[in-house]
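Written below as structure tokens is the structure these notes are about.
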Amino acid sequence: MDSQNNQPTSREFENKLSQMSPFEVKGTLISMAEKEAQRNTATFLNAGRGNPNWILSYPRKAYFLLGDFAMEEADRNQIDSDWGIVASPSQEGIAGRFEAFLDRHKDEIGGKVLRHFYSHVTGDLKADPDEFVFEMVDGIIGDHYPTPPRILKYTEMITCEYLRQAMGGGNDMTAYDLFATEGSTAGMCYMFDSLKANYLLKPGDKIALFTPCFTPYLEIPELREFGLEVVKISANEAEVNGLHDWQYPDEEIDKLRDPAIKAVCITNPSNPPSVALSSHVLDRIVDVVKKDNPHLMIITDDVYGTFVKDFKSLMYVLPYNTICLYSFSKYFGGTGWRVAAMALRPDNVFDYRISQLSHHEKEALDKRYSSLTLEPSKLKFIDRLVADSRLVALNHTAGLSTPQQVQMALFAAFAFLHRDDIQPRLINMIQHRLENLWSSTGFTLMPDPNRAGYYSEIDMMVWARKFYGDVFAKYLQENYNPLDFVIRMAKETGIVLLNGDGFDGPAWSVRVSLANLQDDAYLRIGTEIRAILEEYYKRFAEHIGVK
């Protein structure tokens, strides 16, 4: 055995570290990598972050120019001009003043984007010009609570149009109710709280998770306040020619046929494999729901869907059963904006399940929501989500801040109107980084039309076997903690990766983010990954006496 890595303190440290979330482990790895970079003048590379290193600037320029117009409107009615105390803007005639403002800024990028935005919403979407401009101006100033709390009227209309295109709706004009939230993670928190509050999930109930998946989705159902039994639907064993394809075998999907499984959480495309559900898997899920589990509640987080050409979300495959969470953080380089939307069809399984609750449970819920409406039993599930996000009593102050909603509307409209220009560029950028990474590892990356490539999950045990055989693979498993690989990467190369087993991926897999570093950095990361694997083999060869 390798003496260095089997010292009690070293193994004990790795074993303790492996009990933590990979996002918490990341802090330790960053510290190690930074020290290595300082010692050897190496470049510190953090490929553990999912935060993109790009932004879409045009809708932001439009946002800040819109802010200038909003302040012009506010300044029209001075209260105390010495100290900038002004009145809230007025709606009357605001569209005409906005058009004149756009004429003055017609040569600026922000002005051009705003003109296109205004023309589309008032022309194609038939919005009342004064009402629409006032919503944007009042929203960007932020002087009122979000009204309605769920989402602003035109922001919902604009975002629905974008989601239909981005989530594969095509010409499907199914209406959706949206709830604007502080990122999709907030949406997921609200979702679990409301499922519990409305007796749709109770302690001991079964919930399925598609894995590998975003770590918090593994952790939330097991919290004491939920106490759910988790059934894992795993893609870890799916292989083509000995390589992972990260799809779900029929026998895994068929676990959902158990009607005791009330809900399923899916990240599509997955995180970290970053692969969208294939048409076969989607068809299998449809078969399961139609034949055996018609009231299955599907919660799908589709933030990476826009990085797959012709992506199809379950919200357009099983609309009755599905609530979709979509975040603007990745595609738009907007993680700091914390803007997302939850989409649910008005006629849906969540409201159906509420209608089937016991008389005692319905009475309790009527009491819970009685402060909101004279007919609490008719309150839709998505509106219960809004109320529950503020413990019901503070429902009147619920909702995503209006300045955030305005930026979300600009993001959505810009991406929708320029979809044929923006999406190919972002996809090609990510794919180029992915090719750099894999080409320098010497590993084989199989073509896959379902691959988003925002992350890459590399199972080192697959390549240990392919390059050096089963005996070497067994040696690795018996002599090293899987976390040892990412620790070595940090300590010896100054590169931070995340351990894939923290996402319920294969034990020896690592997650590389393709989003947050320059293209050439991935050539170095791939080279170092292969070098660490070869270092393990060198120690193995010495161990068995091979020269």
>> Please pick out the residue among VAL510, VAL462 that is surrounded by 18 or more Cβ atoms within 10 Å (Cβ to Cβ) and touching a Phe, Trp or Tyr at 6+ places or on another chain (Cβ under 7 Å).
In response: VAL510
> Can you tell me which residues in the range 479-537 are hydroxyl-bearing (Ser, Thr, Tyr) and assigned to a helix (DSSP H, G or I)?
Replying inline: THR493, TYR522, THR527, TYR536, TYR537
> List the pairs whose first member sits in the range 45-60 and is open to solvent by 30 Å² or more (accessible area, probe 1.4 Å), whose second member is in a loop (DSSP other than H, G, I, E, B) and not polar (S, T, N, Q), and whose Cβ atoms are under 7 Å apart, counting only residues at least 6 apart or on separate chains?
Replying inline: ASN51/ALA515; ASN53/ALA515; ASN53/LEU517; ILE55/GLY333
> Can you name the number of the only condition in (1) over 25 Å from PRO221 (Cβ atoms); (2) open to solvent by 50 Å² or more (accessible area, probe 1.4 Å); (3) of a type outside the set (Val, Ile, Thr) that TYR352 fails?
Replying inline: (1)
> Among the listed residues ALA412, ALA387, which satisfies the condition of being out of contact with any Gly (no Cβ under 6 Å at 6 or more places or on another chain) and either farther than 18 Å from ILE158 by Cβ or open to solvent by 50 Å² or more (accessible area, probe 1.4 Å) (or both)?
Replying inline: ALA387
> All but one of (1) under 20 Å from ASN268 (Cβ atoms); (2) surrounded by fewer than 24 Cβ atoms within 10 Å (Cβ to Cβ); (3) among the aliphatic types (A, V, I, L, M) hold for ALA473; which doesn't?
Replying inline: (1)
> How many of the residues in the range 283-302 are open to solvent by less than 10 Å² (accessible area, probe 1.4 Å) and in a loop (DSSP other than H, G, I, E, B)?
Replying inline: 3
>> If I ask for residues that are open to solvent by 80 Å² or more (accessible area, probe 1.4 Å) and of a type in the set (A, V, I, L, M), which ones from the range 61-84 would you list?
In response: MET71, ILE79
> Applying the selection to the range 241-282, what residues are surrounded by 20 or more Cβ atoms within 10 Å (Cβ to Cβ) and in a helix (DSSP H, G or I)?
Replying inline: GLU252, ILE253, LEU256, VAL281
> Restricting attention to the range 131-156, which residues are buried (at least 20 other Cβ atoms within 10 Å of the Cβ) and part of a helix (DSSP H, G or I)?
Replying inline: PHE132, VAL133, PHE134, GLU135, MET136, VAL137, ASP138, GLY139, ILE140, TYR154, THR155, GLU156
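The values are calculated or read from the model by the stated rules, or taken from the named source; none is laboratory data. What you are looking at is a predicted structure, and each value in this text was computed from that prediction instead of being measured. A quick note on method: Cβ atoms are made from the backbone with ideal geometry, for glycine too, and the neighbour counts reach across all protein chains shown. These accessible areas exclude ligands, DNA and RNA; they are computed on the full protein's heavy atoms, side chains included. Shrake-Rupley method; radii C 1.70, N 1.55, O 1.52, S 1.80 Å.
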